[in-house]
Amino acid sequence: MSNFTSRVTNFQAQEDRTKAILAASKSHIYTIGPNCTEKTTLALESAMMRIYKLAVFIRGDFDNRPLDEEQQSNLSNQAVEGFMIARKLAEGGVDALSAHHSTVGL
C-alpha cells in the first residue's frame with residue numbers, strides 16, 4: 001500500500017509541475033503574440049501608406065508635374081523597405097514562438 005501511495009504522490013507532484021509549466025507557457029505566449037502582432041500590423045500599415053503615396057505620385061493627382069523617375073524610384077524603395085520591415089517583424093514573432101515552444105519540456 002505504501003508503494004501505491006508513493007506512486008500517487010509522485011503523479012500528483014508531476015501534475016503540479018506540468019500545470020505550472022503550462023501556466024508559465026501560456027502567460028509567455030500571451031505576451032509574445034499580441035506584441036508581435038501589433039508591431040507587424042503597424043509596419044504593414046506603414047508599408048501600405050507608402051504604396052498609396054507611390055500610387056498617388058504615379059497617377060499625378062497632387063499636381064500636373066511630369067513624372068520624376070528618381071522620386072518614383074525613391075518611393076518604390078521606401079515601399080519595399082516597409083514590407084521588408086513587416087516581414088522581419090512577423091518572422092521574429094514566429095521565431096520567438098518557435099523558440100518558446102522548443103524550450104517547453106513536458
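The values are calculated or read from the model by the stated rules, or taken from the named source; none is laboratory data. A quick note: this is a predicted structure, and the numbers were derived from the prediction, not measured. Positions of Cβ are backbone-derived with ideal geometry, glycine not excepted, and every protein chain shown enters the neighbour counts.
Between A43, A47, A24, A55, which is modelled with pLDDT under 80 and either within 24 Å of I85 (Cα to Cα) or in a helix (DSSP H, G or I) (or both)?
The conditions single out A24.
How many residues are closer than 14 Å to H101 by Cβ and of a type in the set (V, I, T) when one looks only at the range 1-30?
Residues that pass the stated criteria total 2.
Which ones in the range 93-102 are of a type in the set (G, A, S) and exposed (fewer than 14 other Cβ atoms within 10 Å of the Cβ)?
Selection gives S98, A99, S102.
So, in the range 1-11, exactly how many residues are in a helix (DSSP H, G or I) and either of a type in the set (A, V, I, L, M, F, W, C) or surrounded by 10 or more Cβ atoms within 10 Å (Cβ to Cβ) (or both)?
Looking only at that region, the number is 7.
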